[in-house]
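Working notes, beginning with the structure itself.
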Amino acid sequence: MPAIAVLGCMWGDEAKAKIVDYLGTDTEFVVRFQGGSNAGHTIVVEGKKYVFHAVPSGILYPGTKCVIGAGVVIDPISLVSEIQELENSGIDFNQRLFIDERAGVVLPLHRELDTISEGMLKSGKIGTTGRGIGPAYADMTARAGIRIIDLAHPSYLKRRLRELYQYHGRSLDNAGMKEVSQTLAMCWERLKGYVAPTFGMLQEAHKRDAGILFEGAQGTMLDRSWGTYPYVTSSNTLVDAIGTGAGFSARKLDEVLGVYKAYCTRVGEGPFPTEIHDELAQKIRIQGNEFGATTGRPRRIGHFDAVLASYTATLNCLDGIAVTLLDVLSGIEELKICVGYKLGKRVLSEPPAHPLDLQKVQPVYTVLSGWEEDITQARSMAALPANARIYLEAIQDLLELPVKIVSVGKQRHQTFNA
Ligand code: IMP
Ligand code: MG
């Protein structure tokens, strides 16, 4: 069985979890390697909706083991309640969830700092999910952070907490310390059974040729280094983050699959060259239920952007792509795909690095005819209307990559191999 990566290749919410779920049937491990509870994955199985934030979506398959890798930052309070909610829906976690000892911890302090920093940014807020992700990663990088394994060492933890507060110019009085450490102790009691040295587990599984699926969170355009900085998340979301975040070198992957929506969406602030604000945007938003799974915010909508899509395909060294939410485009007369950016007199084939330039670019569009038919029952390329096939072929040609999977609805079975 291969080691596969499934990565969102735009600004997140490409319906990665649905693709992971589709591929996951006989995968032994599903692994999260970056991000935290800023992620929101929604999966619908037999009409029942499951929302995931930190737990890998592979938990829906009873035989699958799920790993939260060292590159993830975990909010213990929110993870405990996420596990509880999933358990209440009948999911069994016993011997199925493994949290790496080295993963970072998101504290209530980080949520507070997230809100404060959003309020302070004079150059414009980022529109974060408010989950404390940025401040938690910043502390990890500053070597001031708390790690999951620290929760097993109460007096060391207290020292680290005191130093962390000092680092942020705050003091933690006895009552404050008691509150934080008691909360963390309660979370530890609930989580300790899941904490494990995941590095060896994954290496051993790979040696046995077990199926391992790495599930990206957010998307490449939110990558801290290569995305639309500063309007990005605070982790690297590229394929290479699997090496740093799960201790599993990306060189060992057999396949890297990029997930793209048939159009574009973005939540939060930042440049979005193909964004549209007209009736079409509203139609797509309603049709595609484009509201954030984590924050409920309406997502911004735009045409498919092949400039960014080619860029992220190259960054991730993709082998193929999955196109999701194709059904949402039914009933639209003309479909536009952005094939270049005009910046002044120049035509660019890759995004400029500066946000002000990316904000200024004029997309160059190719226009394709749409289709009227409802395609939610299609289970093969042949069952799609000709114009839907032409649309997918155009994406395929522009990205120079095969479309391998197509998704035409929310349900697990509304997916097919192209
Ligand atoms: P943060 O990750 O909460 O710091 O937010 C930084 C940016 O990433 C904001 O624009 C968020 O809306 C965006 N973001 C973070 N996680 C997700 C996600 O799972 N899907 C889509 N956007 C996300
Ligand atoms: Mg999401």
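What does the extension gain come out to for Glu204 and Thr314, with contour length at 0.36 nm per residue minus their alpha carbon separation?
Stretched out fully, the Glu204 to Thr314 stretch lengthens by 36.6 nm.
Charges only on Cβ, +1 for Lys and Arg, -1 for Asp and Glu: so what's the dipole of the chain about the Cα centre, in debye to the nearest 20?
Dipole about the Cα centre, nearest 20: 1020 debye.
Given an 8 Å cut-off on Cα distances and at least 6 residues of separation, report the relative contact order of the chain as a percent.
20 percent
So for the stretch 261-417, if I pair up every lysine 8 or more residues apart or on another chain, how many of those pairs have alpha-carbons under 28 Å apart?
17
Tell me the trypsin sites (Lys or Arg not before Pro) within the stretch 341-397 that lie in a loop according to DSSP and have at most 10 other beta-carbon atoms within 10 Å.
Passing both the DSSP loop test and the Cβ count: Lys345.
Would you calculate a helix-derived [θ] at 222 nm for the chain, using -39,500 (n - 2.57) for each DSSP H run of n ≥ 4 and dividing by the full residue count, to the nearest 500?
When only DSSP H runs of four or more count, the value is -9500 deg cm²/dmol.
Can you bin every Cα-Cα distance in the stretch 105-191 into 10 Å intervals starting at zero and give me the percent of pairs per bin, rounded to whole numbers?
Calculated P(r), rounded to whole percents: 16, 49, 28, 7, 0.
Quick one: which residues, 5+ away or cross-chain, put their amide H under 5 Å from the amide H of Lys342? H built at 1.01 Å from N.
Leu348, Gln362, Val364
Among Leu157, Thr294, Ser369, which residue has its Cα positioned farthest towards the positive end of the charge dipole of the chain, with +1 placed on the Cβ of Lys and Arg, -1 on the Cβ of Asp and Glu, and the dipole taken about the Cα centre?
Leu157
Using amide H atoms built in the peptide plane, which far-off residues or other-chain residues are under 5 Å from Val31 H to H?
Here the answer is Val67, Leu213, Phe214, Glu215, since their amide H atoms fall under 5 Å of that of Val31.
So for the pair Tyr167, Lys342, with labels modelled 7 Å out along Cα→Cβ, what separation do we get in nm?
Each label point is offset 7 Å from its Cα along the Cβ direction, giving 4.9 nm.
Take every DSSP beta bridge whose two residues both sit in the stretch 261-417, then give the antiparallel share in percent to the nearest 5.
75 percent
Suppose R0 equals 51 Å. What FRET efficiency, 1/(1 + (r/R0)^6) with r the Cβ-Cβ distance, do Gln95 and Tyr229 give to the nearest 0.05?
0.80
If you build the Cα gyration tensor of the chain and take the root of 5 times each eigenvalue, what three semi-axes come out, in whole angstrom, biggest first?
Working through the eigenvalues yields semi-axes of 36, 25, 19 Å.
Return the percentage of antiparallel bridges among DSSP beta bridges fully within the stretch 264-341, rounded to the nearest 5 %.
75 percent
Which ³J(HN,Hα) values in Hz, rounded to whole numbers, follow from the phi angles of the stretch 67-73 under the Karplus curve 6.51 cos²θ - 1.76 cosθ + 1.60, where θ = phi - 60° and Gly and Pro get x?
Running phi through 6.51 cos²θ - 1.76 cosθ + 1.60 with θ = phi - 60° gives 10, 10, x, 5, x, 8, 10 Hz.
How large is the dipole of the stretch 1-148 about the Cα centre if only Lys and Arg carry +1 and Asp and Glu carry -1, each at its Cβ, rounded to the nearest 20 debye?
Computed about the Cα centre, the dipole is about 340 debye.
Under unit Cβ charges (Lys, Arg +1; Asp, Glu -1), what dipole magnitude, rounded to 20 debye, does the stretch 105-191 have relative to its Cα centre?
Using only the charged Cβ atoms, the result is roughly 120 debye.
Relative contact order for the stretch 105-191 using alpha-carbon pairs under 8 Å, separation at least 6, rounded to a whole percent?
Relative contact order for the stretch 105-191 comes out at 23 percent.
List the trypsin sites (Lys or Arg not before Pro) in the stretch 226-293 that DSSP assigns to loop (not H, G, I, E or B) and whose Cβ has at most 14 other Cβ atoms within 10 Å. Which are they?
none
Between Glu334 and Glu255, take the C-beta separation as r, use R0 = 35 Å, and let me know the FRET efficiency to the nearest 0.05.
Efficiency computed from Cβ-Cβ geometry: 0.55.
Counting only the backbone N, which residues of the stretch 149-181 are under 19 Å from the spot 7 Å out from the Cα of Lys192 toward its beta-carbon?
What the label zone holds, given the 19 Å backbone N cut-off, is 149-161, 178-181.
Which of the aspartates and glutamates could a cross-linker bridge to Lys125, judged by Cα under 16 Å and excluding same-chain residues fewer than eight apart?
Candidates past the 8-residue exclusion: Glu112, Asp114, Glu269.
Report the extension gain between His153 and Glu118 in nm, rounded to one decimal, defined as 0.36 nm multiplied by the number of residues separating them, less their alpha carbon distance.
The His153-Glu118 span can extend by a further 9.3 nm.
Since every read-out is calculated from the coordinates, none of them should be taken as a lab result. Please read all numbers here as calculations on a predicted model, not as lab measurements. Positions of Cβ are generated from backbone atoms using ideal geometry, with glycine treated the same way; all protein chains shown enter the neighbour counts.
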